[in-house]
1. So what's the net charge close to D52: Lys and Arg +1, Asp and Glu -1, counting the other residues with Cβ under 14 Å from its Cβ?
2. Please identify every one of the trypsin sites (Lys or Arg not before Pro) in segment 59-90 that sits in a loop by DSSP and has no more than 13 other beta carbons within 10 Å of its own beta carbon.
3. Quick check: net charge around T86, other residues with Cβ under 11 Å of its Cβ, Lys/Arg +1 and Asp/Glu -1?
4. Go through 54-65, 93-104 and give me the packing order, highest mean Cβ count within 10 Å leading.
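Every number here is computed from the coordinates shown, using simple stated rules; none is lab data. Values in this document were obtained by computation on a predicted structure and should not be read as measured data. For neighbour counting, all protein chains shown are included, and Cβ atoms are generated from backbone atoms with ideal geometry for every residue, glycine included.
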Amino acid sequence: MSVVPTVVVVASHEVLAELLADAAPGTVVVFAGSVEELAGALAAAGPAPHPDLTRREQEVGALLALRLSNKEIAARLHLSVSTVKTHVHALLRKLGASTRTDAARRLRGTGHRPF
């Protein structure tokens, strides 16, 4: 039996977190809010895949997986580029990853959203 894709457009970050927790295989979720709201909702959608990841590291990881640069992440989260670099470095270290792509892959393997 094949999975039939379903597309759901969500405008509320509360609904997004709930939907992500219960989404059926093949469900494509489109969030109609800001990137900041998306990062917060994704971080709140479930437990950290690694207990030592802070909420901010989860937010940075979500934006990193969207292929945003440190400068873009800093602008969206209202942080300095230096602070983002610190969070990215901590994320890589805690995941045992050597690159941003490797970190996204490792997060994806643990079920962390949206990877």
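1. +4
2. Those that pass, being in a loop and sparsely packed, are R67.
3. Combined, the nearby Lys, Arg, Asp and Glu give +2.
4. 54-65, 93-104
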